[in-house]
Amino acid sequence: MVTPGRLLRRRVFLSSLLVLLAALMLSGCGPKPKVTVAPTFKPAAAKTVYIIPFTAALVPESFRETVFNDFVDLLNSHSRETGVTSFVILKEEMKDVDPAWLSGQHYISGDIWSYVEESGCCATNIRVKARAYLTEPGMRVPSVEIFLPMETFFDHDKSSVERERDRLAHDIARELARRIIAPLATRR
């Protein structure tokens, strides 16, 4: 005979399993940061690493500039850890850069895309994806590739879109720099 208490416990148990399964499925759905380092990567030879301004598709210009400028500043402030003397921004337009010269340099390039702001009456969610590549001299494919999806969700009573957009840009720059510095520092 099934008692009401036993039936209730069974329903609670099954409900808990269903909630756990849903949580596991949802947590695995979003993209995750990924760092790929080629086994042949040899950063010790790099004294100067050039940085090509990041490309951006449908991303606010001020957001792209904040990410890029912070990224360069963070790399230079941590250059001692990497063995790189300096990280230098390549100021010329890419069409004006000699491809033969660039292929003989260590350089970082990157892009920012998939910027989405979803605002409701009381809250906003901002999502964006960024990628950075470190290419060694003579290589056609990057030796280090970082993929970084990030997002922020906030209540309008606690923050503003402008403040959270700026905070997210700084967070992306910090994460990209940290993830580029790590392989440079560990292989010294």
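Can you tell me, using C-alpha contacts under 8 Å and at least 6 residues apart, the relative contact order of segment 90-133 as a whole percent?
34 percent
If a/c stays under 1.5 just call it rounded; otherwise compare a/b with b/c (prolate if a/b is bigger, oblate if not). Do that for segment 22-156, with a ≥ b ≥ c from the square roots of the Cα gyration tensor eigenvalues. All intermediate terms of the calculation are to be shown ahead of the outcome.
Numbers: a/c = 2.26, a/b = 1.74, b/c = 1.30.
Since a/c reaches 1.5 and a/b is larger than b/c, the shape of segment 22-156 is classed as prolate.
If DNA, RNA and ligands are ignored and the probe is 1.4 Å, what is the ranking of Lys95, Lys34, Lys129 by accessible area, most exposed first?
The ranking, largest first, comes out as Lys95, Lys34, Lys129.
Taking the Cα centre of segment 124-164 as the origin, how large is its charge dipole in debye, to the nearest 20, when only Lys and Arg (+1) and Asp and Glu (-1) carry charge on their Cβ atoms?
200 debye
Suppose every Lys and Arg Cβ carries +1 and every Asp and Glu Cβ carries -1, with no other charges. What dipole size does segment 67-188 come out with about its Cα centre, to the nearest 20 debye?
Values: 16 positive and 20 negative charges, 106 e Å.
Once rounded to the nearest 20, the dipole reads 500 debye.
On a 1.4 Å probe surface of the protein chains, which of Glu93, Glu117 comes out largest in accessible area, and what is the full order?
So, going from the largest accessible area down, we get Glu93, Glu117.
If ligands, DNA and RNA are left out, what is the accessible area of Ser77 with a 1.4 Å probe, given in Å² to the nearest 10?
It works out to around 80 Å².
Find the Rg to Rh ratio for segment 139-183, where Rh is the Kirkwood radius over alpha-carbon pairs and Rg uses the same atoms.
1.16
What full-extension length gain, to one decimal in nm, is calculated for Lys95 and Glu151 as 0.36 nm per residue of separation minus the Cα-Cα distance?
16.9 nm
Do you know the relative contact order of segment 108-188, to the nearest whole percent, from alpha carbon pairs under 8 angstrom that are 6+ apart?
Numbers: 113 pairs, mean separation 20.0, N = 81.
RCO, segment 108-188: 25 percent.
For segment 83-139, give the magnitude of the charge dipole about the Cα centre (Cβ charges: +1 Lys/Arg, -1 Asp/Glu; no others), in debye to the nearest 20.
That gives a dipole near 180 debye.
For segment 127-176, what is the accessible area per residue in Å², given a 1.4 Å probe and the full set of protein chains?
Result: 52 Å² per residue.
Just to be sure I follow: if Rg is taken over the C-alpha atoms of segment 86-173 and Rh is the Kirkwood radius over the same atoms, what is Rg/Rh? Please list the in-between numbers first.
Values: Rg = 17.6 Å, Rh = 15.4 Å.
Rounded to two decimals, Rg/Rh equals 1.14.
What figure, in Å² to the nearest 10, do you get for the accessible area of Ile52 with a 1.4 Å probe and non-protein molecules left out?
20 Å²
The values are calculated or read from the model by the stated rules, or taken from the named source; none is laboratory data. Note that this is a predicted model, so its numbers are computed, not measured. A quick note on method: Cβ atoms are made from the backbone with ideal geometry, for glycine too, and the neighbour counts reach across all protein chains shown. With ligands, DNA and RNA removed, areas are computed over all heavy atoms of the protein, side chains included. Shrake-Rupley method; radii C 1.70, N 1.55, O 1.52, S 1.80 Å.
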